[in-house]
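Have a look at the structure below, then the notes.
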Amino acid sequence: MTRTSVSTHILDTSVGRPAQGVPVGLSVRSGADTPWAAHGASKTDEDGRCKDLPALPSGTTHAQLNFAVGGDFFPEVTVAFAVRPGEHYHVPLLLNPFGYSVYRGS
């Protein structure tokens with residue numbers, strides 16, 4: 001069976017460049033009523049990507065990415081999403097000083 005995995009990248013849309021060196025935390029839980037558990041951490045590379053987050057444990061139903069972007073208005077961005085076993089989830093963050101958006105990429 002293919003392991004469930006997560007990757008991400010951050011684009012600073014105010015300058016049209018990848019956001020390098022941003023700390024990213026990965027947390028997981030095995031049900032909507034269970035607490036989040038830290039599962040891994042990384043920093044974005046020179047291309048704004050985190051490719052080295054660990055595969056999700058069996059039984060994970062939700063994952064959460066915490067981006068420590070350090071902005072004046074949004075010092076951090078947290079994105080939680082549901083997961084299915086065996087799928088890959090690429091969750092890009094498009095960031096500017098006064099807003100952000102996320103989507104499920106490929």
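Derivation of every value follows stated rules applied to the coordinates shown; laboratory data play no part. Not measured: the values here are computed from a predicted model. Because the Cβ atoms are built from the backbone with ideal geometry, glycine has one as well, and the counts that use them run over all protein chains shown.
Compute the distribution of all C-alpha to C-alpha distances in the chain, in bins of 5 Å from 0, and list the percent of pairs in each, rounded to whole numbers.
3, 13, 25, 25, 17, 11, 5, 1, 0
Say a site is exposed when it is one of the trypsin sites (Lys or Arg not before Pro), sits in a DSSP loop, and has at most 16 other Cβ atoms within 10 Å; what is then the longest site-free stretch of the chain?
The reported range is 52-103.
Taking 0.36 nm per intervening residue step and subtracting the Cα-Cα distance, what contour gain separates Q20 from D33 on full extension?
The span from Q20 to D33 would gain 1.3 nm if fully extended.
Do any chymotrypsin sites (Phe, Trp or Tyr not before Pro) in region 49-84 lie in a DSSP loop with no more than 15 other beta carbon atoms within 10 Å, and if so, which?
F73
If you average the C-alpha positions of region 9-27 and of region 39-89 separately, how far apart do those two centres end up, in angstrom?
Centre-to-centre distance over Cα atoms comes out at 11 Å.
To the nearest 20 debye, what is the magnitude of the charge dipole of the chain about its Cα centre, counting +1 on the Cβ of each Lys and Arg and -1 on the Cβ of each Asp and Glu?
I would put it at about 300 debye.
E76 to S106: FRET efficiency via 1/(1 + (r/R0)^6), r the Cβ-Cβ distance, R0 22 Å, to the nearest 0.05?
The pair E76/S106 has a calculated efficiency of 0.30.
Would you mind getting me the FRET efficiency between S58 and N96? Use the beta-carbon distance for r and R0 = 41 Å, nearest 0.05.
Efficiency, from the Cβ-Cβ distance: 0.65.
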